[in-house]
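Undergrad: A single structure is presented below for examination.
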Amino acid sequence: MQRSLILFIHVACLLIVATWAEGGDSLKGKAFTEPAFVQQMPSGWEEKPIIHNPAAGQIDLAVTLDQHLYQLLPRAIDEYGGAHGLRIAVSEGTCGITAGKLVRKTVDVGGYCCPPGKTDRLPGLRFHTMGILPLQILVHVDNPIDNITLQQAREIFRGKIYRWSEIKDSQGQPGPDLVIQTIGRLHCKIRPGHWRLLLDNEDLFGPRLQEVGTIPDMISLVANSQDAVGYEVGMMAERYRSHEGSVKALAIDGWEPTMDNLLAGRYPFYRTLNLTTWEGESVKNPEADKLVEYLLALDDQLAGQVGLVSALSLRKQGWQFRGNELVGEPGKEPTE
């Protein structure tokens, strides 16, 4: 019995190693967390009201947005506030900053560029998905490589593909004889989606990975290094193009990072843009609900401007929602 168990464990380990060696979906992290999960908080936290930062002055609503939503929404929020006589304070941050303000209950609306992690699912907090953006694999504009396979993308960032000459261009010619410099911004490690759809965790990235802390640094390094490869959404690459230089996006398995290819599930990497509201007597603000409802209605308009795949388009294509929150890809469990 014991020998059989040892043999079973040995075979199982070999199968796991073999699958990982192939660079298959086992290297991909989860796209979403279980939507029914609720994070436990200390006694009395749920009854605590929203208290705005005194430095903001007398305001009706406090909104904090990650860098991506801050590119899209402040003007619309300002116009909405003016039309409805509301004083709305909007601040730029990151998903982590948003999460911290929500835990401290200092904001009425929060914005994320990721699906919520387990610790983000606070009691009474509701997530509303505006849409998804293709997360592009970026290289120097003069790199002759235009297309790589999904497996090659993972092997590049794992350090298994070492030189650009190991990959052929559209004419069948090897890429430049340069050692590949991978650039990574390993933000939001506790949240699913984003770069974790490429490789699930930081330990899977190769030892040559150069980590950066900001989006401008990512764009700058790729734009100024012919050997570099990184990732970011096209909207942010365009934002910093004039300051940091030009980059170009690679196709994956022949599929460009377009809205149509992302919507149909042909292109594999994306960011998920979410807004939050509160439910519960001590925290609910009807004006915040109305604001988020107004912003969600803008997603089709934004789609034409920045390549956002709207929540409405995702629903029609069979992506899974729980209320207003995107929780699963078509035909897959929410936590896959």
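Undergrad: What number does segment 247-336 give for Rg over Rh if you use C-alpha atoms and the Kirkwood radius?
TA: Radius of gyration over Kirkwood radius for segment 247-336 works out to 1.04.
Undergrad: Quick check on packing: order 43-51, 197-205 by the mean number of other C-beta atoms within 10 Å, highest mean leading. Mind showing how you got there, number by number?
TA: Numbers: 43-51: 11.3, 197-205: 16.1.
The densest-packed peptide leads the list: 197-205, 43-51.
Undergrad: For segment 196-298, what is the Kirkwood hydrodynamic radius in Å, using each pair of distinct C-alpha atoms? Please list the in-between numbers first.
TA: On the way: mean 1/r = 0.0592 Å⁻¹.
Evaluated over segment 196-298, this radius sits at 16.9 Å.
Undergrad: Taking Rh as the Kirkwood radius, which is the inverse of the mean 1/r over Cα pairs, what is the Rg/Rh value for the chain? Let's see the in-between values first.
TA: Numbers: Rg = 21.6 Å, Rh = 21.4 Å.
Ratio of gyration radius to Kirkwood radius for the chain: 1.01.
Undergrad: Restricting to DSSP H runs of at least four residues, report the calculated mean residue ellipticity at 222 nm for the chain, -39500 (n - 2.57) per run over all residues, nearest 500 deg cm²/dmol.
TA: Working: 12 runs with 105 residues, N = 336.
That calculation yields -8500 deg cm²/dmol at 222 nm.
Undergrad: Note the per residue figure in Å³ for the convex hull of the C-alpha positions in segment 19-127. All intermediate terms of the calculation are to be shown ahead of the outcome.
TA: Details: hull volume 15.1 nm³, N = 109.
It is 139 Å³ per residue.
Undergrad: While we're on this one: On a straight-distance basis, which aspartates and glutamates could pair with LYS290 in a cross-link, Cα separation under 12 angstrom, same-chain partners fewer than 8 positions away excluded?
TA: ASP108
Undergrad: So which lysines can LYS316 reach, going by Cα to Cα under 23 Å and dropping same-chain residues fewer than 8 places off?
TA: LYS30, LYS332
Undergrad: Here is a further query. Could you tell me which of rounded, prolate or oblate describes segment 195-240, using a ≥ b ≥ c as the square roots of the eigenvalues of the alpha-carbon gyration tensor, with rounded for a/c under 1.5 and, failing that, prolate when a/b is larger than b/c and oblate otherwise?
TA: Details: a/c = 2.21, a/b = 1.43, b/c = 1.54.
Oblate, because a/c is 1.5 or more while a/b does not exceed b/c.
Undergrad: Let me ask something else about it. Calculate the translational D of segment 110-166 in whole µm² s⁻¹ from Stokes-Einstein, where the hydrodynamic radius comes from the Kirkwood formula applied to all Cα pairs, the temperature is 25 °C and the viscosity 0.890 mPa s.
TA: On the way: Rh = 15.1 Å.
The Stokes-Einstein estimate is 163 µm²/s.
Undergrad: Continuing with this model, one more query. For segment 63-172, treating each Cα as an identical point scatterer without solvent, what Debye log10 I(q)/I(0) comes out at q = 0.17 1/Å?
TA: Debye intensities relative to I(0), on a log10 scale: -0.87.
Undergrad: Right, next: Can you list the lysines whose alpha carbon is less than 29 Å from that of LYS168, not counting same-chain residues fewer than 8 positions off?
TA: Partners found: LYS28, LYS160, LYS248.
Undergrad: Let me ask something else about it. If I take the Cα coordinates of segment 104-250 and project them onto the principal axes, what are the three extents in Å, biggest first?
TA: 56, 33, 23
Any read-out appearing in this document is the output of simple, stated calculations on the displayed coordinates, not a laboratory observation. Since this is a predicted model, take the numbers as computed values, not measurements. FYI the Cβ positions are ideal-geometry reconstructions off the backbone, even for glycines, and counts take in every protein chain you see.
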